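**Q** Below is one structure. I have some questions about it.
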Amino acid sequence: MKLLATGVNHTTAELSLRERLTFPEAQIPAALQDLRRLPGVVEAALLSTCNRTEIYCLTSDESPDLTQWLARWHGLDGQRLREALYRHENDAALRHMMRVAGGLDSLVLGEPQILGQMRDAYARAHESGALNGELARTFQQVFSVAKRIRTDTGIGANPVSVAYAAVSFARHIFAALRDSRALLIGAGDMIELVARHLRDQAVGHITIANRTLSRAEALAAEVQGQAVSLEEVPVVLEKADIVITCTASPVPVLGKGVVERALKKRRHKPIFMVDIAVPRDIEPEVGKLQDVYLYTVDDLHEAIEENVRQRQEAARQAEAIIDAALDRHERERRELAAVDTLRSYREQVLTLGEEELRRSLTQLEGGADPADVLRRFQRTLLNKVLHGPSVQLRRLAADNRGDALQLARELLLRDDEPDSDGTGSA
C-alpha cells in the first residue's frame, strides 16, 4: 500500500484557482465515491478550505491519476492544474499531513482552525465509507501528533493577526471580558474579525457603528450585538469599556472633545481604545487623556512581530515532534515486516507439535509408560524444531558467514537467566 497526499495551497496556487478547486460540503460524499472508483484507490479523504484543497488516499500498486481526476471534477485544464499541484508519497505524505494538522503549513503559522477542518474531513470520509482501515489509523496518528504540537509547543498561544492582537490586548487589561461592553467603529473585514474574536471571548455586549447602517446591522446580527449609525457614537461611547476602530475615513472619527465628554459621564471609568485604521480614526491627542489607554496599529505590529518570532521557535519544536513521530512510525512499519515470518514459523512448530502429540497419545492408549512417552515427545519435538536451524547454521559456518551467525545467536540465545518456573524474567 502507498500513502499519497496531493493538492494545492496558498503558496502554489493563486486565489482564482483555489476557488475553482473547492468542494462544497454537500458535494463531498459524491466526490469521495467517485474518487474511490479510480483504479488503485483503496481509501480516500478530501480536505477543502479557503487556502487549500488536498486529497489523502491509500493506494494499491496501481497509481491513480489524481491530477486528471481533479481537473475532470472541476472542469479545469489538466496542465494548468498539474503545475500548481504538489504530491507527496509514504513518509513524505505522512509528514505533510502532520505539518498541515499542526498549523505549520498554514498562511498564518500555527493557526488552530486547520486541525478542526482536518477532523471534519476525516469524519466526512468515514461517514461516506471512504476510509475505515489503514488510512483511518494514519489520521489518528496525525491528530495525536497535532495535539502534542498544540500542548507542548504553545505554537498558537501568541496572536499574530491584527484583529486577534487587538482583542488579546483587551483581554490582558480587563479581568473578565464578560463584564465589559465593546464599541466597534466600522464594519469592514477587520472589524468583522474583531467582532467574532470578541464574541468567542464572551464579551458582555458588542455595538457596531458604521456609516452604512445595513452593514452594521448584518454584522451585529451575526455576533448578537447592536447596530448604530456613526452619528450615535457620542451616545454609545459613554457606555463603552472597549473601543476598536477601523474605518476608511480620511479624517478621524473620534476626537478629543467627544472622548472627554464621554469620560465625564463615565465618571472617569477607563476606556481601552485600539485604532487599527490607516489613516488613524482616533485623534492622537486622545491618548494624552487620563483614563484612556490608546494603542495604534504600530503598537500591535510590534507585539505581532515578537509573537511571530515566538511561533517560529515553537514551529522548530513542532518539527522535532514530527521527526520523532516519523521515526516511531518507520520503526513500527519495519517491525510489521517480521509478522508474516513469525506467523509462518509458529504454524510450522505447531504442526510438528500436533504430529508428535498424536503419536504420543496413540502410545499412551497402547499402554506405554507415560514418563517414557513424555520424555520421547520432548526429545523428538526438540530435534524436529531444531533440525532446520541446525542445518542452516552449519551451512553459514561453512561459508564463513560470521555476520549471519552472530545474528542467529542474537535470535536463538537468551541473555537473561530463566526464572525458577522456566518462564524467564521478561
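**Q** For the stretch 250-271, what are the residues that are part of a loop (DSSP other than H, G, I, E, B) and either closer than 27 Å to Arg171 by Cβ or touching a His at 6+ places or on another chain (Cβ under 6 Å) (or both)?
**A** Pro252, Val253, Arg266, Arg267, His268, Lys269, Pro270
**Q** Further question: What number of residues in the stretch 68-102 are farther than 22 Å from Ile114 by Cα and of a type in the set (A, V, I, L, M, F, W, C)?
**A** The total comes to 5.
**Q** Only residues that are of a type in the set (Gly, Ala, Ser) and either open to solvent by less than 30 Å² (accessible area, probe 1.4 Å) or on the phi > 0 side of the Ramachandran plot (or both): list them for the stretch 258-302, please.
**A** Those that are of a type in the set (Gly, Ala, Ser) and either open to solvent by less than 30 Å² (accessible area, probe 1.4 Å) or on the phi > 0 side of the Ramachandran plot (or both): Ala262, Ala277.
**Q** Using the structure shown, decide if Pro250 is farther than 22 Å from Arg178 by Cβ and either in contact with a strand residue (DSSP E or B) (Cβ under 9 Å, 6 or more places away or on another chain) or buried (at least 17 other Cβ atoms within 10 Å of the Cβ) (or both).
**A** no
**Q** Go through (1) crowded, with 20+ Cβ neighbours inside 10 Å; (2) closer than 18 Å to Leu326 by Cβ; (3) more than 8 Å from the chain's Cα centre (by Cα); (4) of a type outside the set (Gly, Ala, Ser) one by one and return the number of the condition Val100 breaks.
**A** (3)
**Q** Sticking with this structure for a sec: Provide a single number: the residues in the stretch 161-205 that are open to solvent by less than 50 Å² (accessible area, probe 1.4 Å), assigned to a loop (DSSP other than H, G, I, E, B) and within 22 Å of Val108 (Cβ to Cβ).
**A** Going through the stretch 161-205 one residue at a time, the tally reaches 3.
**Q** Kindly list the number of the only condition in (1) closer than 20 Å to Gln348 by Cβ; (2) modelled with pLDDT of 85 or more; (3) open to solvent by less than 100 Å² (accessible area, probe 1.4 Å) that fails for Gln378.
**A** (3)
**Q** Within the stretch 137-160, does at least one residue satisfy the condition of being in contact with a Leu (Cβ under 6 Å, 6 or more places away or on another chain), open to solvent by less than 10 Å² (accessible area, probe 1.4 Å) and within 30 Å of Ile55 (Cα to Cα)?
**A** yes
**Q** Could you please find all residues in the stretch 366-418 being acidic (Asp, Glu), over 53 Å from the mean Cα position of the chain (by Cα) and assigned to a loop (DSSP other than H, G, I, E, B)?
**A** Asp369
**Q** Oh, and also: Answer yes if at least one residue in the stretch 206-214 is open to solvent by less than 30 Å² (accessible area, probe 1.4 Å), out of contact with any strand residue (DSSP E or B) (no Cβ under 6 Å at 6 or more places or on another chain), within 24 Å of Gly287 (Cβ to Cβ) and in a strand (DSSP E or B), and no otherwise.
**A** yes
**Q** Now for a separate question. Right, Gln348: surrounded by 13 or more Cβ atoms within 10 Å (Cβ to Cβ), at negative phi, within 22 Å of the chain's Cα centre (by Cα) and not hydroxyl-bearing (Ser, Thr, Tyr) or not?
**A** No, not satisfied.
The values are calculated or read from the model by the stated rules, or taken from the named source; none is laboratory data. None of these values were measured; they are calculated from a predicted model. So basically every Cβ, Gly included, is an ideal-geometry build from the backbone, and we count neighbours across all protein chains shown. With ligands, DNA and RNA removed, areas are computed over all heavy atoms of the protein, side chains included. Shrake-Rupley method; radii C 1.70, N 1.55, O 1.52, S 1.80 Å.
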